[in-house]
Amino acid sequence: MAALGGPVSGPVRVLIVDDDPLVRGALSMILGGVPDLAVVGEATDGAEVPEAVAAYAPDVVLMDIRMPRVDGLAATEALRATADAPEVLVLTTFDADEQVLRALRAGASGFLLKDTPPAEIVAAVRRVAAGEATLSPAVTRKLIAHVTGSAPVPGPDPKRDRAVRLLDGLSEREREVAVLLGRGRTNAEISAELFMSVATVKAYVSRLLAKLDLNNRVQVALLVQDAGLV
């Protein structure tokens, strides 16, 4: 398994978790034919994930959301709460599902639709193994739009208060970058808007993840939305 937050050396070890044998077979066929990826194991339910991760030491877990005993959401939350946890890509048939949002908040690095073309599945696994989120800015904007589509609940809001408190600890420049992430901007777009190099933007994003104790830029975007800044 890769060091926490670092790229994988050698073939990327993948664990597939899905209750549908056809889906598991298709993913195994797609990923098994790629030299730098290796399907090291399969599980049929979220309840099997802890034992499978211990046995196979995957770098990336492809996690179905809807499973009969322990769903992928609960399994992701439990897995990402452990030390040196593998990255998680959730599998779903919906691209703006509330459960997907909850999985991302729990620390999943992104999601794949089950009808994603094989080449894109391979690319997504590689990106996640390299420590990058797999959500394009367009998908990020769609997810944020999904969140903002719900009417705000009047009265105290612990989620909003926590988000405001965390973001108040940022410098002015870090906050500007965070807000632009919340608007679904790419690194290049942030670079142009704030008049800084793309390398500097990447450094700011890394700093934000460390200061906010988050896994990826999507979680930063959701935190900014929770605070009501976009």
(request) Would you tally the residues in region 10-22 being open to solvent by 30 Å² or more (accessible area, probe 1.4 Å) and in contact (Cβ under 8 Å) with a residue 40 or more places away in the chain? (result) 3
(request) Would you check if Gly169 is at positive phi and either touching a residue at least 24 places away in the same chain (Cβ under 8 Å) or in contact with a strand residue (DSSP E or B) (Cβ under 9 Å, 6 or more places away or on another chain) (or both)? (result) no
(message) Which of the numbered conditions does Gly107 fail, given that it passes all the others? Conditions: (1) more than 17 Å from Ala38 (Cβ to Cβ); (2) open to solvent by 10 Å² or more (accessible area, probe 1.4 Å).
(response) (2)
(request) Go through (1) in contact (Cβ under 8 Å) with a residue 60 or more places away in the chain; (2) open to solvent by 40 Å² or more (accessible area, probe 1.4 Å); (3) not in a helix (DSSP H, G or I) one by one and return the number of the condition Ile30 breaks. (result) (3)
(request) Mind listing just one residue for me: the one in region 141-155 that is at pLDDT 60 or above and either β-branched (Val, Ile, Thr) or not in a helix (DSSP H, G or I) (or both) and, of those, surrounded by the most Cβ atoms within 10 Å (Cβ to Cβ)? (result) Ile144
(request) Please determine, by comparing only the residues of region 60-93 that are among the acidic types (Asp, Glu) and open to solvent by 10 Å² or more (accessible area, probe 1.4 Å), which one is nearest to the chain's Cα centre (by Cα). (result) Glu87
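The values are calculated or read from the model by the stated rules, or taken from the named source; none is laboratory data. As the structure is a computational prediction, the values presented were derived from the model and not from experiment. Please note: Cβ atoms are built from the backbone with ideal geometry, for glycine as well, and neighbour counts cover all protein chains shown. In case anyone asks, the SASA skips ligands and DNA or RNA and just uses the protein heavy atoms, side chains included. Shrake-Rupley method; radii C 1.70, N 1.55, O 1.52, S 1.80 Å.
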